[in-house]
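Asks: For reference, the structure I am asking about is given below.
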Amino acid sequence: MTSSSLDVARLVRLAIAGDRPAVNQLLVHFRPQLHRMIAVRMDSRLRARLDPSDVVQIVLAHAAASIATSQRPAEDFYLWLRQMAWDELARLHRDHLATQKRSVTLEQQEWAARTAEESMVRLADQLAAKQLGPSSQAVHRELRTRVREAVEQLAAQDSEVLVLRFLEQLSVSETAAALGLSVAAVKSRQFRAVARLGKLLEGLEGQS
């Protein structure tokens, strides 16, 4: 069932009013999307200690306990969940990976930078996978390297638009809300980034 076929607004109103079945239906519905986001954004070092599914469970428990006091509009319910997941990932990074002598602000900046870098690597690997055929591992490595280099040449916000659209699979309007941009700006950045990647990756076809 898609968000468009599920009456999210009605369920959010019921959930805020204390309707537990409505809460459960919302959380079950958005669980796969939330899991995808956490899998994309989770620090690889943290994965050695926790599975993304564990983080999903933590976030859903927090959401179930706090939905009655949520101030987010019904149409932004998933973005509310997503922000909760983002905050939880930051907390887990701080608890499991932070260096005690470093400031919280510095740790958060380091985590955000590493998360962005790893997200771009995952984006590049997904793009490279579409180019790969039954060739040798050496060719596969070369293609992945070249695609990663191409992604690294994109502007930071352009690559983030691609991560949100193609890895997290957010809609254009959700991406706009997540980044604080207009829908038109997201469409423009996505078009520009895809065109830029296409130009940078010219000549890769047929090498696999």
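Asks: Between LEU127, LEU162, which is at pLDDT below 80 and either outside any loop (DSSP other than H, G, I, E, B) or under 30 Å from ALA64 (Cβ atoms) (or both)?
Replies: After applying the criteria, what remains is LEU127.
Asks: Right, something else. Restricting attention to helices (runs of 4 or more DSSP H) lying wholly within the stretch 10-84, give those where 3 or more residues are buried (at least 17 other Cβ atoms within 10 Å of the Cβ) and modelled with pLDDT under 95.
Replies: Fully inside the stretch 10-84 and qualifying: 20-41.
Asks: State which residue is nearest to the chain's Cα centre (by Cα) when the search covers only the stretch 23-43 and only residues that are under 20 Å from LEU6 (Cα atoms) and of a type in the set (A, V, I, L, M, F, W, C).
Replies: For the stretch 23-43, the residue satisfying everything is LEU34.
Asks: Take ALA9 and tell me if it is of a type in the set (Gly, Ala, Ser), touching a residue at least 40 places away in the same chain (Cβ under 8 Å) and either outside the structural domain of GLU174 (by TED's automatic domain parsing) or more than 19 Å from ARG94 (Cβ to Cβ) (or both).
Replies: In short, yes.
The values are calculated or read from the model by the stated rules, or taken from the named source; none is laboratory data. Because the structure is a prediction, the values reported are computed rather than measured. Every residue, glycine as well, gets a Cβ built from its backbone with ideal geometry; the counts of neighbours run over all protein chains shown.
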